[in-house]
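Scroll down for the structure; my scribbles are underneath it.
Computed from the coordinates by the stated procedures, all read-outs in this text should not be read as laboratory data. Remember, predicted model here, so these are calculated numbers, not experimental data. Cβ sites come from the backbone with ideal geometry, for glycine too, and all protein chains shown count toward neighbours.
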Amino acid sequence: MEDNIRIVVSPVVKQDGRQKIFINFMDYNDKREAEAVIPGCVFIKNVGFSDEELEILKEYMEEKQSEILEKAGTINPLAEFFGKK
């Protein structure tokens, strides 16, 4: 994965009766952004990434899914909002 791509993981959210995690991939240099949701590693937004790049990002999510789930489970949105960790 490119070094200039920033990855942001949401806390676990409940939507439509299911638990989901949103993952944002952002490339500030080229102003590209993609958003995916777990489970399924499905992209729901893409601005500027090629199909080949999305496939690489999907493979990354699949490989790191357990780490992503663990990270999302530890995020406290209120603490993050107020700058406390």
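Values for this structure:
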quantity	calculated
Helix-only CD estimate at 222 nm, as mean residue ellipticity for the chain, using -39500 (n - 2.57) per DSSP H run (n ≥ 4)	-9500 deg cm²/dmol
Dipole magnitude of the chain about its Cα centre (Cβ charges: Lys, Arg +1; Asp, Glu -1), debye to nearest 20	680 debye
Length added when fully stretched, Val13-Glu52, from 0.36 nm per residue minus Cα-Cα	11.2 nm
Virtual spin-label span in nm between Glu70 and Lys20, 7 Å along Cα→Cβ	2.6 nm
Expected-Rg normalisation [2.2 N^0.38 Å, Cα atoms] applied to the stretch 35-80	1.31
Packing-based order for 42-50, 11-19, 54-62, using average beta carbon neighbours within 10 Å, highest first	54-62, 42-50, 11-19
The chain, relative contact order in percent, only Cα pairs under 8 angstrom and at least six apart counted	25 percent
Calculated SAXS-style log₁₀ I(q)/I(0) at q = 0.21 Å⁻¹ - the chain, Debye, Cα scatterers	-1.04
